Each structure stands twice: as C-alpha cells, then as structure tokens.
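Comments concern the structure below.
Readers should treat all values here as calculations from the given coordinates under stated rules, not as data from a laboratory. No experiment lies behind these values; they were computed from the predicted model shown. When we count neighbours, we look across all protein chains shown, and the Cβ atoms used for this are built from the backbone with ideal geometry, even at glycine.
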Amino acid sequence: MKRLLQVLFLLTLTHCGQQQKPDKETSDKLDDVIREGDPSMEQPPPSIEYSIDDLKFIFSNLTDPYDLGLYQRFEAKLADSSQVTIQSRTLELEGQNFELTPDYVFITDSASFYLITANNRPEPNYFYILKRTGQKVELVGQTEPLTKEIFGDVDNDGYLEIGGFNTHCQIATKEDLKDPDFCLDHFRVFEINNGINRDEETEEKERNNVRQQ
C-alpha cells in the first residue's frame, strides 16, 4: 500500500510538471503575443513601435485615460534617422489602434502615404498625413476633422483622397430625416499629394452617392 501511494505521488508530481511547462510551439506563440510594445496587451505600454522595412513609427508619452492607448508624441524614423516628430501635451494620437494596413497606408508608384489618427472626441478625428519618397519622410499636413468614409484613390486619378463629414450630424426633426441633402454641407473630400487640397469635383460625385444611399 505504501509503495502504491509513492507511485501515485510521483505520477501527480510528473503531471503537474507537464502542465506547468508548455511545449515549445505554445511558448513561441505566447512570446509572439506578449511582448513589449505589443498593442494587443490589455494595458497599453509606455510606447509602441511599428516598423515596415527600414521605416519605424514610434508612439510615446502615454496619456490619460490610459486604457484608450493614446499618445502625446509621435516620431517617424528612417534607418534610425529621425524624419518627423509630432508632439504636444494636447495631442491624443491613436497609437494602439494604428496598423500598417490599407486603412492607414496608401502606396503609389512614386510615394507612400501614412495616416496618423488624432483622437478628437466628441467631434470626428483629424489626421496627420506623412509621405515617403525614396529615403525621405515628410509631414504633408493635417486634415480638418473627418469621419473618414473615404480613404484611397476613389476617382482613379492616381492620387490619394480622404473624405467624410467634418461633424457628427445629428437628426433633430422629421424634416431632417426626409431631406436627401441633410448634412451634406459638411461633407468634404481632399486630395493628397504635396499638400492637402479640397477636391470639389470628387466631392460632388461622392455627395451624389450619399444622396442615392
């Protein structure tokens, strides 16, 4: 009986040891998920870094409320050389929600454009637009507040357009609900190249699309 208890005790210890030590594949997956600067962590880190080839985007100076993952400083580095810095105590840049995807990146044959979102609650967000050409990154400019229904080459002219409403339109009456032009005075489309310029021709086409929806 004593011998049996010893065997059961050893088996229990062995089983517990196996539970506490995950296999290599599981460990690798955990390392991929839980790493410093990973925006998927529950608590936003003091800084977040994103990179694509030799280009780095660094968000730092985490601001309150911390759980929103907003930052007061942004820096773009190319081959470890600082190219663009945006910094202010009043800024709330959405570092935790930034992604190197077509929602934030637009690429042409000659340049790449990157969208940095500034939280502007309760109004729509506004955006900083960066442009990379060769070994140079520059700040194209800052948009007005936009709901960003549009981001891409919507008129097929080879240029980036960004657009939407510059305010959150609130329906106040039944007449507003029936009006096909309700709030369209606040609809904007901008074309991005060396600057940010209002594209009124594309704007009117997109307004017609909104009316039809």
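A few comments on the model shown:
- Spin-label pair Asn193/Val105, simplified geometry with 7 Å Cα→Cβ offset, distance in nm: 2.5
- From phi via Karplus (6.51, -1.76, 1.60), per-residue ³J(HN,Hα) for the stretch 75-84 in Hz, x at Gly/Pro: 9, 9, 10, 10, 6, 6, 9, 5, 10, 9
- Contour minus Cα-Cα distance for Lys136 and His186 (0.36 nm per residue): 14.6 nm
- Charging the Cβ of each Asp and Glu at -1 and of each Lys and Arg at +1, and nothing else, the dipole of the stretch 48-211 about its Cα centre rounds to 460 debye.
- Gained length - Gln87 relative to Thr167, 0.36 nm times residue gap less alpha-carbon distance: 26.3 nm
- Modelled label positions at Asp153 and Asn120, each set 7 Å beyond Cα in the direction of Cβ, lie 2.7 nm from each other.
- Each semi-axis of the equivalent ellipsoid for the stretch 48-211 is √(5λ) with λ an eigenvalue of the Cα gyration tensor; in descending order they amount to 30, 21, 11 Å.
- Of the residues Tyr128, Ala111, Gln72, the one whose Cα sits farthest towards the positive end of the charge dipole of the stretch 48-211 is Gln72 (charges of +1 on Lys and Arg Cβ, -1 on Asp and Glu Cβ, taken about the Cα centre).
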